[in-house]
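Only one structure is covered here, and it is reproduced in the block below.
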Amino acid sequence: MTSAQLKEEIVAYSKEIGIDKIGFAHADVFAELKKRLRLQQDLNYQSGFEESDIEKRTEPERLLSGASSIISIALAYPSKMKDAPKSVRGERRGIFCRASWGKDYHHILREKLSLLEAFIIEKVPGAAVKSMVDTGELSDRAVAERAGIGWSAKNCAIMSPEFGSYMYLGEMITNIAFPADTPMEDQCGSCNKCVDACPTNALVQGGQLDSSKCIAFLTQTKGFLPDQYRDKLGNRLYGCDTCQTVCPENKGKDFHHHLEMEPDPEIVKPLLKPLLSISNREFKEKFGYISGSWRGKKPIQRNAIIALAHFKDETAIPDLLMLLHHDPRPVIRGTAAWAIGKIGGENAELELLSAKENEKDDLVTLEIEKGLKMVRNQEIS
């Protein structure tokens, strides 16, 4: 069997196991990506979540001896939710981004790649393979672009004609030399909607992202959210979809090919107040299967507090006071103090002053002072 014939069989098998799109690329060094990553490092635009070794990210041979080809796979995920609950006064809700709907995509793609690996090894005993999804060394997007899955769009996502950018990506390096597919030409043209719509100007320009400003990154941090981004967060608990939802290429793209990707509305658009008192065990039982839970409950709780302040939900004050006076975590106490100040109310100043007297953490004290300033400004106006 020739490598071209094997490629055809792999493509056919990929459809059988539910892979929506597959592409093949050579495993040469990603020279252009290497230059971009070095620039990102120099500008301090990286998130810190990615592999820090640029050589590993751009040289497949370092990851698999004899690397000759890379197989890229894509699975389309839903962009619309059926029966989404409404966020109403007194029962405000947060939102997880679309990439966190349903079962954690890392598991779904790894299962598909494992099946693909077994198929290839059965056809070519002794073939070398190495698969990865998201947390691996290679850039999923760079591989997908080279393999013809889609073009690298201005919103820094891979955009395919069939599925838009609502795709999960994964890849497999192998020592088998497959005929490579042709990369797609950029089709964004003069459209700049994603760059213009970015809430924090994290999209510096088309195709360049300052990750440290990106809401998707900020929702995953564990410390105090910088002041300038709190009002930008809205009701987001994890991730951000703005640069995808404004994209004309994504209009009408909504695929429900995989049952395990279907969102549970009460999980991905949960009530905010119950999140403030949820235990670690309850959090893991309820949210543990989605990718948005990977950093634990603390960032989600912090974001829920900010979301309640965004809604100026006065019914949340008792819950926030409980956190302010009793939570052992400085970030949660401090963010609650800030939120109480933003929401205001007749007892807000007294409660914040009481908390300030007993507070030992300087950063929390600073947040209490921010809250007091907002309350006093409301009284003046």
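The values are calculated or read from the model by the stated rules, or taken from the named source; none is laboratory data. All values reported here derive from a predicted model rather than from experimental measurement. FYI the Cβ positions are ideal-geometry reconstructions off the backbone, even for glycines, and counts take in every protein chain you see.
Out of curiosity, is GLY223 within 17 Å of the chain's Cα centre (by Cα), among the small types (Gly, Ala, Ser), within 28 Å of ALA339 (Cβ to Cβ) and not assigned by TED's automatic domain parsing to the domain that holds VAL143? When the stated conditions are applied, GLY223 does not pass them. Checked against (1) in contact (Cβ under 8 Å) with a residue 40 or more places away in the chain; (2) loosely packed, with under 14 Cβ neighbours inside 10 Å, ALA128 meets all criteria but (2). Within segment 11-19, is there a residue that is more than 30 Å from PRO125 (Cβ to Cβ) and touching a strand residue (DSSP E or B) at 6+ places or on another chain (Cβ under 7 Å)? No - not one qualifying residue is present in segment 11-19. Scanning segment 91-130 for residues that are more than 13 Å from the chain's Cα centre (by Cα), under 21 Å from GLY239 (Cα atoms) and of a type in the set (A, V, I, L, M) yields ILE108, LEU109. Take GLU379 and decide whether it is of a type in the set (D, E, K, R) and touching an Asp or Glu at 6+ places or on another chain (Cβ under 9 Å). So GLU379 passes the test. Residues in segment 74-97 that are among the small types (Gly, Ala, Ser) and either in contact with a Leu (Cβ under 9 Å, 6 or more places away or on another chain) or more than 23 Å from LYS253 (Cα to Cα) (or both): 4 in all. Of all residues in segment 131-165, those satisfying the criterion of being of a type in the set (A, V, I, L, M), more than 16 Å from the chain's Cα centre (by Cα), under 26 Å from LYS251 (Cα atoms) and part of a loop (DSSP other than H, G, I, E, B) are ALA147, ILE149, ALA153. Residues of segment 328-355 that are surrounded by fewer than 17 Cβ atoms within 10 Å (Cβ to Cβ) and not polar (S, T, N, Q): PRO328, ARG329, GLY345, GLU346, LEU350, LEU353.
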